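Reviewing the structure listed below.
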Amino acid sequence: MIELHVNGEAHRLDVAPETPLLYVLRDDLKLNGAKFGCGMGQCGACTVLVDGRPVFSCLFPVSSVGARPVRTVESLGTVERPGPLQKAFIDHQAVQCGYCIAGMIMRAQALLETVAHPSEQQIREHMSPNLCRCGTHMRILAAIREVAAQGRLPGAGPQKVSA
Amino acid sequence: MKRSDAPIDQGRRAFLAGSGLMVSFALLGSWRAFAGQENTLGATILAPDLPGDLKIEPVLDAWIKIDARGVTVCSGKVELGTGVRTALWQVAADQLAMPLERFTFVTADTALTPDEGYTAGSHTMADGGTAIYHAAAQVRQMLLDAAAAKLGVPARELALHDGVIVAADGRQLTYEQAAEGVDLHQRAKPVSPDSDPSTFRYIGHAIPRVDIPAKVTGGAAYVQDMRLEGMLHARVVRPPDASAQLESVDTRAVEAMPGVVKVVRDGNYLAVLAEREWQAVQAMRALREAARWRSTRRYPGNDTIHAALKALPQRIYVTTREGNGPVRQSQHAAPDAAPAAPSPATLSVGFGKQYVIHGSIGPSCAVAVYRDGMLTVWTHTQGVFPLRAGLAEWLGLPKDKLRCIHVEGAGCYGHNGADDAAADAALLAFRTPGRPVRVQWMRDQEAAWEPLGPAMLTELEAFADEAGQLQAWRHALWSTPHNERIVNAGRLIPARLLARPVASAPSAPIPQPEGDADRNAVPLYRIPSVRVDMHFVTEMPFRTSAMRSLGGHINVVTIESAMDELAERFGQDPVAYRLRHLDDARAREVIQRAADRFGWNGGQALPDGHGVGFAFSQYKNLMGYCAIALEVKLDKQARSVQIVRAVAAVDCGQIVNPDGLRNQIEGGIVQSSSWTLYEQVLIGEGGVRSVDWSSYPILRFPQAPVAIDVQMIDRPGHAFLGAAEIAQGPTAAALVNAIKRITGHRPLHLPLARQDSPLFA
Ligand code: FES
Ligand code: FES
C-alpha cells in the first residue's frame with residue numbers, strides 16, 4: 001500500500017511502487033489532467049506539481065513522492081470556477097487541440113507561485129520543457145503574461161489533507 | 001528542362017497502346033462534380049446540383065432532426081483541435097435562429113451522422129459548413145411555412161426568436177410544435193431562402209469554443225480519457241521496420257507477468273492485453289525484448305533520399321495552364337520533353353525537403369468493444385465512415401455490425417496513427433469479446449509508424465521577357481503519395497502484419513486543381529504558359545500520407561523563391577513584382593494589406609543579422625488567401641533563427657469565428673516555422689531512426705516568434721473558404737526569402753536551421 005496526497009486528499013493505493021505517478025493519477029485516481037505524451041520526460045504533457053515543483057509524472061515513480069503533496073490541473077478550479085491561469089487560458093482561447101494544455105498550466109503555475117513578475121525571457125525559458133505541436137505558443141504566453149502581471153500566485157499553502 | 005527517365009506504367013500503357021495521354025479533362029471548381037463520382041475526401045456525390053456536402057447527403061433530416069426531444073443538428077465532420085465543432089454549431093444556430101445551447105449538435109458517428117468522408121483538406125467549413133448553412137435555412141423556412149398554416153397567418157408575418165415562432169398577435173409555436181406533421185425526410189433544394197448576414201448573432205463573432213473549459217480543467221475530453229467498465233489495456237509491439245519478419249518470440253514469460261490477460265501473436269502482429277495500464281506497458285517491453293526479427297530491406301538515408309526519389313518507379317502527371325485558362329491534368333505513360341520554352345530560362349531554382357512527422361503530442365489511441373455481435377470503436381480518426389469500411393472489409397463484418405464514433409485525440413494535422421490504432425483496438429476487441437479494449441501507442445511507435453509527410457524535390461524554371469514579365473513556367477517535382485487514406489483494409493497497418501496480410505490498394509494522387517504532391521504547384525500569377533510535372537513515386541521507401549498542406553508547403557517555397565529572385569533580377573520590389581502578375585482582386589488585397597500593415601518598403605533599415613521576407617498563396621488556388629510578411633533574426637553565435645514579427649493578411653470568405661481563424665493562422669505560422677527551420681525524420685539503412693523528441697526536435701518556447709499580427713478580411717455573404725492550412729506555405733517561403741536577404745544566399749534544403757546547418761557557419 002502506498003499513501004499519496006493528491007489535490008488535498010489522501011489516498012491509500014495498492015500499486016506497484018515503481019509505477020510512474022502518471023498512471024496512478026490517470027488510472028487509479030481517474031484524473032484526466034495529466035496526459036501521456038512521450039513517457040520519456042521530453043514533452044511535458046504529463047506535468048504535475050510535487051511539493052510545488054513541476055515534474056514529469058511519466059517518469060516519476062509513485063514511491064518517490066512520499067508525503068509530498070501532488071497537485072494536478074484539477075486542483076486549480078472547475079469549469080464553473082476556474083482558477084486564474086485556467087481563466088486566462090479560456091479568455092485567450094489558448095487552446096487548439098488542448099492536449100498539451102493541462103501540462104502547460106501546471107508548469108506555469110509553478111513559476112507564478114515562486115516568481116512575482118517574471119520577464120518574457122524567464123517565462124519562455126521556464127516553459128521550454130513543454131511542447132505544443134499545434135503552435136499555440138503565442139496564446140499560451142499571452143495567458144501566462146496576463147496572470148503574471150497580477151503578481152505572485154498564492155501557493156497551495158500548507159496542505160489540508162482530508163482522508 | 002532535363003528529366004531523368006522514369007519507368008513507365010506497363011499495365012496502363014498496354015491498355016492505351018501508343019497513346020501518350022491517358023486521361024485528359026478540364027478541371028474547374030464545381031464543374032468537377034458528377035453523380036456517382038467520389039469526391040477527394042472519399043465520399044460519394046449523389047446530388048451535384050446541391051451546395052456543399054448536401055451533394056453527398058442530399059436529405060435534410062440527415063442533417064437536422066426535430067422531434068419531441070428538440071432539435072438535433074448532425075455533422076459528419078470532426079473536431080481536430082481547429083475549433084470547427086464550435087464554428088459549425090454557430091452556422092446552425094444563426095440559420096435556425098436558435099441559441100447554441102438550445103439544440104444538440106452531434107458529430108461524426110457512423111450510426112448518427114451524414115457520411116462526409118474525411119475531415120481534411122480545409123473542406124470542413126467550405127463543404128460541411130455550407131451544407132449546414134443551407135440545410136438549416138431550408139428547414140427554417142419549412143418550419144415557418146408550417147407554422148403559418150397552423151396559425152392561419154402568412155409566413156412573412158411570423159418572427160423567429162430563440163427557437164420559438166411568434167405571430168404578430170403574440171401567439172407562439174415552438175419549433176417542435178411547428179415541426180409536427182412536417183416531413184424533413186426530403187431532398188434539399190439547390191437554392192435556399194436568403195439569410196441576412198447583418199442579423200447573425202454567431203456567424204462572424206468570436207464565440208468562445210465549446211470544448212475549451214473541459215480541456216483546461218481536467219474534464220474528460222479525449223479518447224485517451226475514456227474508462228469503460230471492465231476495460232483492458234493493450235499495447236502493441238511493432239516490427240523494427242516495415243519489412244521485418246518475426247522469426248521467433250517466446251511469449252510464455254510475458255503471459256505469466258502480473259495482470260497479463262493474453263498475448264496476441266498473428267504473423268508479424270504482436271500485442272499484449274492486461275488488466276492495468278502499467279502492467280500492459282511492462283508486458284509490452286518484455287514482449288519486445290523476447291521478439292526476434294529479420295529485416296528484409298535497406299532504406300535510403302537523409303543524404304540519398306532525393307536521388308532515390310528520382311530513381312524509384314513513378315508515374316507522371318502533367319498539369320498545364322495555357323493563356324491563363326483552366327488547368328488540365330493528364331497522366332503520361334512516359335516522360336516527354338516539355339514544349340519548347342521561349343528562350344533559355346531566366347531563372348532556375350529547386351528545393352529538397354526531408355520527411356517530416358505529424359508528431360501529435362498524444363500518441364494514437366482507441367477504445368473498442370465487441371459485444372452481442374456488434375463492434376464499436378471510439379477513435380480520433382479523421383474519417384469514421386472510411387475507417388468503418390476498411391475495418392468491415394478486414395474483419396469480415398457487415399458494415400451495420402460496426403460502429404465508429406469520433407472522440408477527440410491530440411491534434412493530428414493529417415493522416416497520423418489514428419486509423420491504425422483504431423484497427424489495433426478493433427482487432428483486439430474482436431478477439432476478446434465482451435471486454436472493452438483500450439490501445440495506446442507509445443511515443444516511439446507513433447514516430448516510427450505514423451505515415452510520414454513525404455520527402456520531396458522540386459525544380460523550377462521561369463522564363464521572363466526583358467521587362468521582367470513572366471512568359472512561361474516549368475515546375476517539376478518528385479514525391480511519394482500524399483493521400484494513402486483508408487480506401488481498403490490494406491491501408492491499415494495491422495492488416496498488413498497479420499499472417500494473412502491484406503495488400504494496400506494502389507496509390508493514386510488527389511487530382512488537380514486540389515492536387516497532391518503538386519498541390520499549389522500552379523502559381524496564381526498571370527503567366528501565359530504553365531506546366532507542372534508531378535513525378536508520382538509509387539514505390540514508397542517509407543509509407544507517406546497527408547500532412548497539413550501536402551505538397552503546398554514546398555511548392556509555395558519554390559514558387560515564392562522564384563518570384564523573389566526574379567524581382568531582384570529585374571530590380572523590382574518583391575511585393576510590387578507579385579502584384580504586377582496578379583489579376584485576382586482578393587489576392588491583391590491580402591498582399592497589399594500585409595505589406596501596408598508590416599510597413600514593407602523593400603528597403604527597411606534593420607539591425608545586423610535581421611532580414612525581411614514576403615510570400616503569398618491562395619491555398620489550392622481554391623481556398624483561403626494568405627500573404628505573410630515577416631522579419632527574421634539570424635544569430636550565428638547562438639545558432640538560432642527567430643521570427644521577430646510576422647504579419648499575416650488572410651481572406652477566407654465569410655468569417656464564421658474570427659478568433660478561431662486567428663488561432664489557426666497563428667498556429668499555422670508557428671507550426672510551419674518549426675517544420676521549415678528544424679524538422680526532418682532521421683532515416684538510415686534500418687529505417688526511421690528518430691523516434692523521440694530529442695532526435696526529432698521541434699520548436700520550443702524560446703524559439704517561438706516574438707509577435708504575430710493577423711489581419712482578417714471578412715466577406716459577409718461570400719462562400720466559406722478553408723483556413724486551417726493556408727499559412728503553411730507562405731510562412732515557409734517568407735522565412736526562406738528572409739534568410740536569403742540576410743545572408744545573400746538562398747538555402748535550398750529544408751530544414752534550414754538545425755544545429756549543424758551551414759547557415760551558422
Ligand atoms: S509524457 Fe511525460 S514528458 Fe512527455
Ligand atoms: S494545443 Fe495541441 S498540442 Fe498544444
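Output yes when any residue across region B:112-129 is assigned to a helix (DSSP H, G or I), closer than 26 Å to residue B:208 by Cα and over 16 Å from the mean Cα position of the chain (by Cα), and no when none is. Yes, because at least one residue in region B:112-129 is assigned to a helix (DSSP H, G or I), closer than 26 Å to residue B:208 by Cα and over 16 Å from the mean Cα position of the chain (by Cα). Of all the numbered requirements in (1) touching a residue at least 12 places away in the same chain (Cβ under 8 Å); (2) facing another protein chain (nearest Cβ under 8 Å); (3) open to solvent by 20 Å² or more (accessible area, probe 1.4 Å), residue A:82 misses one, and that requirement is (1).
Has region B:449-458 got any residue that is within 16 Å of ligand 2 (Cβ to nearest atom) and surrounded by 24 or more Cβ atoms within 10 Å (Cβ to Cβ)? Within region B:449-458, one or more residues are within 16 Å of ligand 2 (Cβ to nearest atom) and surrounded by 24 or more Cβ atoms within 10 Å (Cβ to Cβ).
Restricting the search to region B:72-111, which residues are among the basic types (Lys, Arg) and surrounded by fewer than 23 Cβ atoms within 10 Å (Cβ to Cβ)? The answer is B:85, B:102. Restricting the search to region A:1-55, which residues are within 16 Å of ligand 2 (Cβ to nearest atom) and in a strand (DSSP E or B)? Listed by number, the list holds a single entry, A:47.
Does any residue of region B:357-371 turn out to be exposed (fewer than 15 other Cβ atoms within 10 Å of the Cβ) and modelled with pLDDT of 95 or more? Among the residues of region B:357-371, at least one is exposed (fewer than 15 other Cβ atoms within 10 Å of the Cβ) and modelled with pLDDT of 95 or more, which makes the answer yes. Residues that are away from ligand 2 (no atom under 16 Å from the Cβ), assigned to a loop (DSSP other than H, G, I, E, B) and among the aliphatic types (A, V, I, L, M) do not occur anywhere in region B:659-679.
Criterion applied to A:75, A:57 was being within 13 Å of chain B (Cβ to nearest Cβ), free of Cβ contacts under 8 Å to residues at least 60 places away in the same chain, closer than 21 Å to residue A:13 by Cα and of a type in the set (Ser, Thr, Tyr), and the one residue passing it is A:57.
When restricted to residues that are surrounded by fewer than 16 Cβ atoms within 10 Å (Cβ to Cβ) and more than 18 Å from residue B:250 (Cβ to Cβ), region B:266-301 contains 5. Would you mention how many residues in region A:28-56 are near ligand 1 (Cβ under 6 Å from one of its atoms) and on the phi > 0 side of the Ramachandran plot? Qualifying residue count for the region: 3. A single member of B:220, B:242, B:206 is part of a loop (DSSP other than H, G, I, E, B), open to solvent by 50 Å² or more (accessible area, probe 1.4 Å), small (Gly, Ala, Ser) and in contact with a Pro (Cβ under 6 Å, 6 or more places away or on another chain), and it is B:206.
Table: residues versus (1) touching a residue at least 40 places away in the same chain (Cβ under 8 Å); (2) open to solvent by 50 Å² or more (accessible area, probe 1.4 Å); (3) part of a loop (DSSP other than H, G, I, E, B).
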{"residue": "B:560", "(1), (2), (3)": "yes, no, no"}
{"residue": "B:565", "(1), (2), (3)": "yes, no, no"}
{"residue": "B:572", "(1), (2), (3)": "yes, yes, yes"}
{"residue": "B:577", "(1), (2), (3)": "yes, no, no"}
{"residue": "B:583", "(1), (2), (3)": "yes, yes, yes"}
{"residue": "B:597", "(1), (2), (3)": "yes, yes, no"}
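Among the residues of this structure, residue B:725 counts as one that is assigned to a loop (DSSP other than H, G, I, E, B) and either under 20 Å from residue B:122 (Cβ atoms) or not assigned by TED's automatic domain parsing to the domain that holds residue B:548 (or both). Each residue in region B:143-179 was checked for being open to solvent by less than 20 Å² (accessible area, probe 1.4 Å) and part of a strand (DSSP E or B), and 1 of them qualify.
Yes or no, residue by residue, for (1) buried (at least 20 other Cβ atoms within 10 Å of the Cβ); (2) within 11 Å of another protein chain (Cβ to nearest Cβ); (3) within 23 Å of residue A:120 (Cβ to Cβ); (4) touching a strand residue (DSSP E or B) at 6+ places or on another chain (Cβ under 8 Å):
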residue: B:673; (1), (2), (3), (4): yes, yes, yes, yes
residue: B:685; (1), (2), (3), (4): no, no, no, no
residue: B:695; (1), (2), (3), (4): no, yes, no, no
residue: B:716; (1), (2), (3), (4): no, no, no, no
residue: B:719; (1), (2), (3), (4): no, no, no, yes
residue: B:724; (1), (2), (3), (4): yes, yes, no, no
residue: B:729; (1), (2), (3), (4): yes, no, no, yes
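Do the conditions hold for residue B:733, that is, is it within 23 Å of the chain's Cα centre (by Cα), open to solvent by 20 Å² or more (accessible area, probe 1.4 Å) and away from every other protein chain (no Cβ under 14 Å)? Spelling it out, it is not the case that residue B:733 is within 23 Å of the chain's Cα centre (by Cα), open to solvent by 20 Å² or more (accessible area, probe 1.4 Å) and away from every other protein chain (no Cβ under 14 Å). Is it the case that some residue within region B:196-206 is within 14 Å of another protein chain (Cβ to nearest Cβ) and not small (Gly, Ala, Ser)? Checked region B:196-206: at least one residue is within 14 Å of another protein chain (Cβ to nearest Cβ) and not small (Gly, Ala, Ser). Taken as a whole, region A:116-139 holds at least one residue that is outside the structural domain of residue A:40 (by TED's automatic domain parsing) and over 30 Å from residue B:672 (Cα atoms).
Residues being more than 11 Å from every other protein chain (Cβ to nearest Cβ), in a helix (DSSP H, G or I), in contact (Cβ under 8 Å) with a residue 24 or more places away in the chain and open to solvent by 10 Å² or more (accessible area, probe 1.4 Å) are entirely absent from region B:626-646.
The values are calculated or read from the model by the stated rules, or taken from the named source; none is laboratory data. This is a predicted model, so every value here is computed, not measured. Cβ coordinates were reconstructed from backbone atoms using ideal geometry, including for glycine residues, and neighbour counts include every protein chain displayed. For the accessible areas, the whole protein counts, side chains as well, though only heavy atoms, and no ligand, DNA or RNA atoms are used. Shrake-Rupley method; radii C 1.70, N 1.55, O 1.52, S 1.80 Å.
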